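Enquirer: Got a structure for you, questions after.
The values are calculated or read from the model by the stated rules, or taken from the named source; none is laboratory data. Everything numeric in this text was worked out from a predicted model, so none of it was measured. Please note: Cβ atoms are built from the backbone with ideal geometry, for glycine as well, and neighbour counts cover all protein chains shown. When the accessible area is computed, the model is the full protein with side chains, heavy atoms only, and any ligands, DNA or RNA have been set aside. Shrake-Rupley method; radii C 1.70, N 1.55, O 1.52, S 1.80 Å.
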Amino acid sequence: MATPISRTIKTFAKPDEQIAKGGVEIDVLQIGDMKVKRSTYPSGWKFSARMGVPMCQDTHVGYALSGHMTVEFGDGAQLEFGPGDVFVIPAGHDAWVTGDEPCAIVQFDEGDSAARRFSVAAAAAKAA
């Protein structure tokens, strides 16, 4: 069950939490039971090289602010997104920043909850 919220405004200028993980800077806002994260990936960043495992097992729902990222799934299919793109990326993927510019994105939700909300759990199981 979702946590009720009412009349909430937050800003990334004052995040609830700041995380540095695998070279990625992440600002987190907690809104009810949902986390909204602004993540900045440096030029040259690659998930499999920086996070210690070959594939990400989280589902991502978000919006690209700047830079470009390529996502590759277990079957070899690739997607690229950049500024202004909205994306849903199921679990079971590698990803890397393309080009010389850092990639900044805003993500909504987190892991399993995003997969449930957008009904991508079945796709995630196939991709893993």
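Enquirer: Please enumerate the residues belonging to segment 71-128 that are of a type in the set (Asp, Glu), at pLDDT 65 or above and within 21 Å of Ala20 (Cα to Cα). Outline the logic, then answer.
Expert: Of segment 71-128, the ones of a type in the set (Asp, Glu) are 72, 75, 80, 85, 94, 100-101, 109-110, 112.
So of that shortlist, the ones also at pLDDT 65 or above come out as 72, 75, 80, 85, 94, 100-101, 109.
Once the filter is applied, which keeps residues that are of a type in the set (Asp, Glu), at pLDDT 65 or above and within 21 Å of Ala20 (Cα to Cα), segment 71-128 yields Asp94, Asp100, Glu101, Asp109.
Enquirer: Would you be able to say whether some residue in segment 55-68 is of a type in the set (Gly, Ala, Ser) and out of contact with any strand residue (DSSP E or B) (no Cβ under 7 Å at 6 or more places or on another chain)? So that I can check it myself, show each step before the final result.
Expert: Looking only at segment 55-68, we keep the residues that are of a type in the set (Gly, Ala, Ser), and these are 62, 64, 66-67.
Okay, now just the ones that are also out of contact with any strand residue (DSSP E or B) (no Cβ under 7 Å at 6 or more places or on another chain), so none.
Within segment 55-68, not a single residue is of a type in the set (Gly, Ala, Ser) and out of contact with any strand residue (DSSP E or B) (no Cβ under 7 Å at 6 or more places or on another chain).
Enquirer: Would you point out the residue of segment 37-59, among those that are of a type outside the set (S, T, N, Q) and outside any loop (DSSP other than H, G, I, E, B), that is least open to solvent (accessible area, probe 1.4 Å)?
Expert: Quick first cut of segment 37-59, residues of a type outside the set (S, T, N, Q) only: 37-38, 41-42, 44-47, 49-56, 58.
Those left that are additionally outside any loop (DSSP other than H, G, I, E, B): 37-38, 41, 46-47, 49-50, 56.
Details: Lys37: 33, Arg38: 75, Tyr41: 27, Lys46: 77, Phe47: 27, Ala49: 79, Arg50: 119, Cys56: 12 Å².
Once the filter is applied, the top-ranked residue is Cys56.
Enquirer: Filter segment 64-79 down to the residues that are open to solvent by less than 60 Å² (accessible area, probe 1.4 Å), of a type outside the set (A, V, I, L, M) and part of a loop (DSSP other than H, G, I, E, B) and list them by number.
Expert: Within segment 64-79, Gly67, Gly74, Gly76 qualify.
Enquirer: Does Gly23 satisfy the condition of being open to solvent by less than 40 Å² (accessible area, probe 1.4 Å) and either in contact with a His (Cβ under 6 Å, 6 or more places away or on another chain) or without any contact (Cβ under 8 Å) to a residue 12 or more places away in the chain (or both)? Steps first, answer last, please.
Expert: On the way: open to solvent by less than 40 Å² (accessible area, probe 1.4 Å): yes; either in contact with a His (Cβ under 6 Å, 6 or more places away or on another chain) or without any contact (Cβ under 8 Å) to a residue 12 or more places away in the chain (or both): no.
No, not satisfied.
Enquirer: Which count do you get for residues in segment 22-36 that are part of a strand (DSSP E or B) and either under 16 Å from Phe108 (Cβ atoms) or touching a helix residue (DSSP H, G or I) at 6+ places or on another chain (Cβ under 9 Å) (or both)?
Expert: Pass one, segment 22-36, residues part of a strand (DSSP E or B): 24-31, 34-36.
In the following step, the residues that additionally are either under 16 Å from Phe108 (Cβ atoms) or touching a helix residue (DSSP H, G or I) at 6+ places or on another chain (Cβ under 9 Å) (or both) were identified as 24, 26-31, 34-36.
Counting residues in segment 22-36 that are part of a strand (DSSP E or B) and either under 16 Å from Phe108 (Cβ atoms) or touching a helix residue (DSSP H, G or I) at 6+ places or on another chain (Cβ under 9 Å) (or both) gives 10.
Listed here are the residues, each with its yes/no results for (1) touching a strand residue (DSSP E or B) at 6+ places or on another chain (Cβ under 6 Å); (2) in contact (Cβ under 8 Å) with a residue 24 or more places away in the chain; (3) within 17 Å of Val71 (Cα to Cα); (4) of a type in the set (A, V, I, L, M, F, W, C).
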residue: Thr8; (1), (2), (3), (4): yes, yes, no, no
residue: Thr11; (1), (2), (3), (4): no, no, no, no
residue: Gln18; (1), (2), (3), (4): yes, no, no, no
residue: Val36; (1), (2), (3), (4): yes, yes, no, yes
residue: Thr40; (1), (2), (3), (4): yes, yes, yes, no
residue: Ser48; (1), (2), (3), (4): yes, yes, yes, no
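Enquirer: Given the condition at pLDDT 95 or above, within 14 Å of the chain's Cα centre (by Cα) and under 24 Å from Pro4 (Cα atoms), answer yes or no: does some residue in segment 40-61 qualify?
Expert: So far as segment 40-61 goes, no, none of its residues is at pLDDT 95 or above, within 14 Å of the chain's Cα centre (by Cα) and under 24 Å from Pro4 (Cα atoms).
Enquirer: Within segment 54-72, restricting attention to residues that are in contact with a Gly (Cβ under 6 Å, 6 or more places away or on another chain) and among the hydrophobic types (A, V, I, L, M, F, W, C), which residue is nearest to Tyr41 (Cα to Cα)? Can you show your working first?
Expert: Going residue by residue through segment 54-72, those that are in contact with a Gly (Cβ under 6 Å, 6 or more places away or on another chain) are 55, 58, 64, 68.
Subset that is among the hydrophobic types (A, V, I, L, M, F, W, C): 55, 64.
On the way: Met55: 16, Ala64: 11 Å.
Applying the filter and picking the extreme gives Ala64.
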